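What follows is a short report on a single structure.
The values are calculated or read from the model by the stated rules, or taken from the named source; none is laboratory data. Since we're looking at a predicted model, the values are computed, not measured. Using ideal geometry, Cβ is built from the backbone for each residue, glycine included, and neighbour counts are taken over all protein chains shown. For accessibility, only protein heavy atoms count, side chains too; no ligands or nucleic acids. Shrake-Rupley method; radii C 1.70, N 1.55, O 1.52, S 1.80 Å.
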Amino acid sequence: MNDVILVGIALFVLNGLFLTWLLASHHKLKKKLQVLQDIVNTLNRDMVGLCTASVSVDQRLNDADDALAELFEKLAEVEQLSQASQPYYGAIQQAHNGASAEDLMQQFNMSRDEAVLLIRLHRNRSS
């Protein structure tokens, strides 16, 4: 009978040791879980910040695109005004492209001297 009681006590002690080991393991796992939850919370805050920043950057890019489009429109207007204010603009472009004096005389209704002068002045720049 003493053997049965000793075996029972031994099993009770072993169960106590096993329970202590389980509680210690549980405590370690809870600490690790808390560390992981803190990391996840930090990453979530970082993601919120990045998303907010990306919205701001997207808005800035849209504003820059709008400003750039407006500048291109103004540049086109300035070029058109510049071309319109230069009566020989088309003839100068033709001279750059290698047109002959006869071509300039026919297309732009100018004298031979004007056509030759434009070719001499502007063909040299493009070569």
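For the chain, the convex hull spanned by the alpha carbon atoms encloses 199 Å³ per residue. Solvent-accessible area of region 15-127 (1.4 angstrom probe, protein heavy atoms only): carbon and sulfur portion equals 60 percent.
Based on DSSP H segments of at least four residues, each scored -39500 (n - 2.57), the chain has a per-residue ellipticity at 222 nm of -32500 deg cm²/dmol. For Val48, the accessible surface of its heavy atoms amounts to roughly 90 Å² (probe 1.4 Å, protein chains only, rounded to the nearest 10).
Counting alpha carbon pairs within less than 8 Å and at least 6 residues apart, what relative contact order, in whole percent, applies to the chain?
Numbers: 33 pairs, mean separation 18.6, N = 127.
Over the chain, the number comes to 15 percent.
Might you tell me the accessible area per residue for the chain, computed with a 1.4 Å probe and given in Å²? Please report the intermediate quantities before stating the final value.
Working: 10790 Å² over 127 residues.
Computed with neighbouring chains in place, this is 85 Å² per residue.
With a cut-off of 14 Å between beta carbons, the residues surrounding Leu81 carry a summed charge of -2, where Lys and Arg count +1 and Asp and Glu -1.
Taking only the alpha carbons of region 35-99, we obtain Rg and Dmax values of 25.8, 79 Å in that order. Angle, helix 112-126 long axis vs. longest principal axis of the chain, Cα atoms, 0 to 90°, nearest 10? For 112-126 against the chain, the angle is about 30 degrees.
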